[in-house]
Amino acid sequence: MTPAWDCIVTGSETEACLAAVAAARVGSRTLLIVESRDRLGGVLTWGGLAYVDRDSRHVVPPVVGGGDGLFGEFLARAGVALVALDPHRGRSVLEDMLHEAGVTVVVGRPARVSVEGGRLRSLTLDTGEMFEARFAIDGSADGDLLERLGATFETGFRAHGLDRVLGTSPMPRLHGVTPSAIVETCRRLADDADLEALRRDQFGDRPFLGLEQGEDWVLVGPPHLGLAYRRFREAHPIPGSDPLEADGFNIAVLGPELTSWNGLLLDIREPGRLLNLSREGADALVDAEGACFEQFLREEIGWTEARVEMPRGLYVRQTRHLVQATRRLTFADILSGAREDAVGTFSYYPDFRGLHLVPVHRPLLSPVPLGAGIFAPVPNVGIAGRAAGYTPFAHSLARLVQFGCILGSALGVATSLAHESFEEAVPEQVRAGMARIGAAADDPDGAAGNRQALETCQGDPFLALELA
């Protein structure tokens, strides 16, 4: 019997939505299963991550076509000037793209899977509904479908003996303060002798990005504001609170007096709590963090009209990543420029937040290998998103949503090129199929820094573990 669906995609993240759009555009009968329609877009909408990291071309507007892939189309249609995404417009655009492509959307969560002959045959939801499909793509943030298939994951950097994960951030939306006022205040704080002494004591000679204001963003590279908040927080403790790491802020400008902040970096390491926060959203401690941040801005900084709104979702950068990918992307792959099975490329700055490693000050070009999204034990199942097949240090670059959107789009196209396994899809044919539907994604100018960075990174004792 022919399955009712060629492709089932699970998850509400942007990666899941665009994987479903790609599959439907190449003619696959496609079903998208989401936890809730309110969460459509995941961390970029429900989670409030309005400052959208884009590849090394983030200094130019996103476009439809032209190498930005479906992610660029999504941002352009959502009215993003450079990086700032309004969550409500983003969710609406994803609804439109899914409808236009002919994707059927149902609400539920994977509960049981049926595997026969090493292939997933059917998926049953917590609602009791059962669906059969030739292919499935896990587009959740944390590999929820693959968990049902018994997948093995790694958490954070523990494979290298480091009890660390990339930090978790609530995304406060700040009402009542202009971008210019933010810049002026950060300049004043940078001249504060006590805060500068704290900076030197905390970070030594570590270089930071500058203080800049653009069309729809403010970059607060210097950490003085973060240090001031940490000092205030120590004087006004939150019972049972998570450790806070002072750093700079990426601020998306959404209106004349409305901004969204990325930079409240909480050091949460317990795997179970990370998964719960990623799946279910903010808890009482996170809500208390927002209240403390508002009090700080009003009383310490002097923004008496400031009002902080906390989205229910969180930016959990790193819960876990798949071990059993057909080809797991490594940091060595990125630095060497290995591209033999790449279905696209992506370029951005490595982000080792919270890890004291050798700094890399230029973007690195990463291949997007199709194998990073194929679950080897059940190869008609793919994965796109933050739990896909990366090693820990590759994750510092490849964790970004755009990478997952490229990978998800490629898997969606592959459903029209293979019969029973994603491994049957030829990367060259996948790239051609992506180009036909406007999903081609490539950064031709991003490779300049890779080989120069290789020697620098080899001198770091932790990075050398992965580069050996």
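None of the figures in this text is laboratory data; all of them are computed from the coordinates on show. Fair warning: this is a prediction, and the values are worked out from it, not measured in the lab. Glycine gets a Cβ as well: all are built from the backbone with ideal geometry, and neighbour counts include every protein chain shown.
Computed from phi, the 3J(HN,Hα) profile of segment 415-423 under the Karplus parametrisation 6.51, -1.76, 1.60 (θ = phi - 60°) reads 5, 8, 10, 10, 9, 10, 8, 4, 5 Hz, with x in place of Gly and Pro. Dipole magnitude for segment 168-316: computed about the Cα centre from +1 point charges on Lys and Arg Cβ and -1 point charges on Asp and Glu Cβ, it is near 220 debye.
Taking the C-alpha atoms only, the angle from helix 179-190 to the longest principal axis of the chain is near 60 degrees. For Cα Rg over 2.2 N^0.38 Å, the value computed from the atomic coordinates appears in the list (1) 0.95; (2) 1.26; (3) 1.00 under label (1). Distance from the C-alpha centroid of segment 138-205 to that of segment 258-275: 6 Å, rounded to the whole angstrom.
Once C-alpha pairs closer than 8 Å and six or more residues apart are averaged by separation and normalised to the residue number of the chain, the relative contact order reads 21 percent.
Taking amide hydrogens as placed 1.01 Å from N in the peptide plane, the amide H of LEU400 sits under 5 Å from that of no residue at least 5 positions away in sequence or on another chain.
Please give the net charge around VAL308, taking every other residue with its beta carbon less than 12 angstrom from that of VAL308, where Lys and Arg add +1 and Asp and Glu add -1. Charge balance in the 12 Å sphere: -2. Dipole size of the chain about its Cα centre, with +1 on Lys/Arg Cβ and -1 on Asp/Glu Cβ: approximately 640 debye, rounded to the nearest 20. Could you work out the local net charge near ALA235, counting Lys and Arg as +1, Asp and Glu as -1, over the other residues with Cβ closer than 12 Å to its Cβ? After counting each charged neighbour, the total is 0. Sorting the segments 404-417, 282-295, 332-345, 371-384 by their mean number of nearby beta carbons within 10 angstrom, highest to lowest, gives 404-417, 371-384, 332-345, 282-295. Computed from Cα positions, the angle between helix 224-235 and the longest principal axis of the chain comes to roughly 80 degrees.
Between the residues LEU149, VAL316, GLY389, the greatest Cα displacement towards the positive end of the dipole of the chain, with unit charges on the Cβ of Lys, Arg, Asp and Glu, is found for LEU149. Taking each DSSP H run with n ≥ 4 as -39500 (n - 2.57) and averaging over every residue of the chain yields -9500 deg cm²/dmol at 222 nm. Give the residue from GLY281, LEU244, LEU264 lying farthest towards the positive end of the charge dipole for segment 168-316; charges sit on Cβ (+1 for Lys and Arg, -1 for Asp and Glu) and the dipole is referred to the Cα centre. My answer, from the dipole projection, is GLY281.
Between the C-alpha center of segment 233-251 and that of segment 1-63 there is a gap of 32 Å.
For the chain, take the longest principal axis of its alpha carbons; what is the angle in degrees between that and the long axis of helix 14-25, to the nearest 10 within 0 to 90? Relative to the chain, helix 14-25 is tipped by roughly 30 degrees.
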